[in-house]
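A.B. asks: Pasting in a structure now, in structure tokens, and then I'll have a few things to ask.
The values are calculated or read from the model by the stated rules, or taken from the named source; none is laboratory data. This structure is a prediction, so every number in the text was calculated from the model and none was measured. Please note: Cβ atoms are built from the backbone with ideal geometry, for glycine as well, and neighbour counts cover all protein chains shown.
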Amino acid sequence: MVKSIRLRRFGVPATLAAFGVFALAGCSAAAPTEPAAAPSGEPTAAVGECGTVPQVGAQDPEGLLEGLSQSIQDGYNGYPYTLQKSAWADWKSEKTEGYTAAIVGTSPAAPFISVYQQTLASALEEAGVDVVLNVAPNDPSDVPGQLQQFSQAISLKPDVIFLNPVAPEPALDLVEEAHAAGIPVVSIVVPIDSPYAVSVTYNAVLQSMQTASAVFGSIGGSGDVLEVTGVPGIPVQVFWDAGRDASLELCPDIDVIGSVQGLFQPPLAQQAVVQYLATNPAGVDAVIQAGTMGWAIRDAFVQAGQPVPPIQDAGGSRGMVAYAAATDGYPYVGTATPPVDMARMAAQVGVKILAGAGPKLNHIVWAPYVVDSSNLADIVDPSWVPEDGTDLAPEGVYFTDEQTAEFFSSPELGPQTAD
């Protein structure tokens, strides 16, 4: 669906709804052609200027981030929830071994979610934790069904529950019920705004700000931009919108002259962009997109016979990285989210809570891993081809064991590594 509009900039919402990762299966992509020429000789932007990452800061009235390393603190820039002391900070399970766990996931239709939830279960088993329940609704929008499964998990009285909430707010009462029953809840992928859960997640607003700002900077902070949105109103779209808006506030000479809806589905995104270009043959200077659709947008420009402009590759693909590595001067910027490492760390966090390690705060947040010209050569594999739509998930870019330890008051308790 295409709608031609002229947007300038919007205020960043003061309150944001909770979000979820919307990962899609990689597909085969058409072979691309030449990119649009990138500007050269542009001076490096100063902080607060177009092309730099907006410094929104963290909502940390209690100073819970004090004492954490600067790299971890930086990952909370723009995070939409107020940080609170964890209700499990001074708690320890009465057991020292023989732990049990329940996993209440979400529909594993998306490859990222499938790999994450499978890895979580295997990591817990490897840690000697008996997974007594591993369920997920068939429909990724089935909130009542998941709440019923969450209630079932609480009734089994496991030592810990791992929840990947379809919708966080409806789960709040059950999270509090689990706390009253002495059962910690680890919210995976999607955060929950509650001191009774420990959310292990990444900063989606920061991801949007980092990549959008880089794209704007790559065209010299001035030009016409097309945006490709996902699903209106769903949490991940809300967070992307917030990051986009914050980046646009610093770029008065960037005009978003059109918006098309890709619904996070690469084939639909490609079709929508082709339709837009058919009625706007002058093209655009750059494209921003809400996630996972970068390679399809690239192919739309190829199909339309136009140069490939800089594209915000949030939720990047191997194909876009391979294309950028093989194309001199292409100003690539994207992000990667490694599901295996993320899931193994979530399992480690759960066991450390049981061991009495004492989580300092209720949100353990990872700064998105940005791929650009500075590290592109280290990420790309020579076997990757531009047609590869597989999600970008490099190893060794997630939290180190030393960084994980920073989130706990007694890090010596519980597993010392996620491996």
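A.B. asks: Out of all the residues in segment 281-302, which are of a type in the set (Asp, Glu) and either surrounded by 24 or more Cβ atoms within 10 Å (Cβ to Cβ) or outside any loop (DSSP other than H, G, I, E, B) (or both)? Walk me through it before giving the result.
C.D. replies: Of segment 281-302, the ones of a type in the set (Asp, Glu) are 285, 299.
Asp299, the sole residue that qualifies.
A.B. asks: Does Thr404 qualify as being within 20 Å of the chain's Cα centre (by Cα) and surrounded by fewer than 17 Cβ atoms within 10 Å (Cβ to Cβ)? Quick ask: steps written out before the conclusion?
C.D. replies: Numbers: within 20 Å of the chain's Cα centre (by Cα): yes; surrounded by fewer than 17 Cβ atoms within 10 Å (Cβ to Cβ): no.
Answer is no for this residue.
A.B. asks: Examine segment 117-132 for a residue that is of a type in the set (Ser, Thr, Tyr), at pLDDT 95 or above and within 30 Å of Leu392 (Cβ to Cβ), and state whether such a residue exists.
C.D. replies: Step one: list which residues in segment 117-132 are of a type in the set (Ser, Thr, Tyr), which gives 119, 122.
Among the residues that remain, those that are also at pLDDT 95 or above are: 119, 122.
Checking the rest, the ones that are also within 30 Å of Leu392 (Cβ to Cβ) come to 119, 122.
There is at least one residue in segment 117-132 that is of a type in the set (Ser, Thr, Tyr), at pLDDT 95 or above and within 30 Å of Leu392 (Cβ to Cβ).
A.B. asks: Since Asp419 meets every condition but one in (1) surrounded by fewer than 21 Cβ atoms within 10 Å (Cβ to Cβ); (2) modelled with pLDDT of 95 or more, which condition does it not meet?
C.D. replies: If we test Asp419 against (1) surrounded by fewer than 21 Cβ atoms within 10 Å (Cβ to Cβ); (2) modelled with pLDDT of 95 or more, just (2) comes out false.
A.B. asks: Among the residues of segment 185-194, are any free of Cβ contacts under 8 Å to residues at least 40 places away in the same chain and on the phi < 0 side of the Ramachandran plot?
C.D. replies: Of segment 185-194, the ones free of Cβ contacts under 8 Å to residues at least 40 places away in the same chain are 185, 187.
Filter once more, so that each one left must be on the phi < 0 side of the Ramachandran plot: 185, 187.
Yes: one or more hits.
A.B. asks: Quick one: how many residues across segment 308-330 are of a type in the set (Ser, Thr, Tyr) and at pLDDT below 95?
C.D. replies: Qualifying residue count, segment 308-330: 1.
A.B. asks: Pull out all pairs, ordered by first then second residue, where Cβ-Cβ is under 7 Å, the residues are six or more apart or on different chains, the first lies in segment 77-100 and is closer than 23 Å to Glu125 by Cα, and the second is acidic (Asp, Glu).
C.D. replies: Ser93/Asp159; Lys95/Asp159; Tyr99/Asp159; Thr100/Asp130; Thr100/Asp159
A.B. asks: Mind checking which strands (runs of 3 or more DSSP E) fall wholly inside segment 169-280 and carry at least 2 residues that are farther than 28 Å from Asn77 by Cβ and in contact with a strand residue (DSSP E or B) (Cβ under 8 Å, 6 or more places away or on another chain)?
C.D. replies: Numbers: elements: 185-189, 197-202, 223-229, 254-261.
By residue number, 254-261.
A.B. asks: Between a residue in segment 264-292 that is modelled with pLDDT of 95 or more and any residue that is of a type in the set (Lys, Arg), which pairs come within a Cβ distance under 7 Å, given they are 6 or more apart or on different chains?
C.D. replies: Here the result reads Ile288/Arg244, each pair linking segment 264-292 to a residue that is of a type in the set (Lys, Arg).
A.B. asks: Hey, any hits in segment 227-243 for a residue that's touching a Cys at 6+ places or on another chain (Cβ under 8 Å) and at pLDDT 95 or above?
C.D. replies: Keep residues of segment 227-243 that are touching a Cys at 6+ places or on another chain (Cβ under 8 Å), which gives none.
The answer is no, given that none of the residues of segment 227-243 is touching a Cys at 6+ places or on another chain (Cβ under 8 Å) and at pLDDT 95 or above.
A.B. asks: Also, quick follow-up: Take the residues in segment 78-112 that are β-branched (Val, Ile, Thr) and assigned to a loop (DSSP other than H, G, I, E, B), then tell me which one is surrounded by the most Cβ atoms within 10 Å (Cβ to Cβ). Break it down stepwise before answering.
C.D. replies: Restricting attention to segment 78-112, the residues satisfying the condition of being β-branched (Val, Ile, Thr) are 82, 96, 100, 103-104, 106.
Going one step further and asking which of them are assigned to a loop (DSSP other than H, G, I, E, B), we end up with 82, 96, 106.
Values: Thr82: 13, Thr96: 10, Thr106: 26.
By that ranking, first place goes to Thr106.
A.B. asks: Scan segment 69-92 for residues that are within 18 Å of Ser247 (Cβ to Cβ) and either among the charged types (D, E, K, R) or more than 20 Å from the chain's Cα centre (by Cα) (or both) and jot them down.
C.D. replies: The initial filter retains those residues of segment 69-92 that are within 18 Å of Ser247 (Cβ to Cβ), namely 74-80.
Result: Asp74, single match.
A.B. asks: What residue, of Gly315, Gly294, is closer than 23 Å to Tyr116 by Cα and out of contact with any Pro (no Cβ under 9 Å at 6 or more places or on another chain)?
C.D. replies: Criteria check complete, one pass: Gly315.
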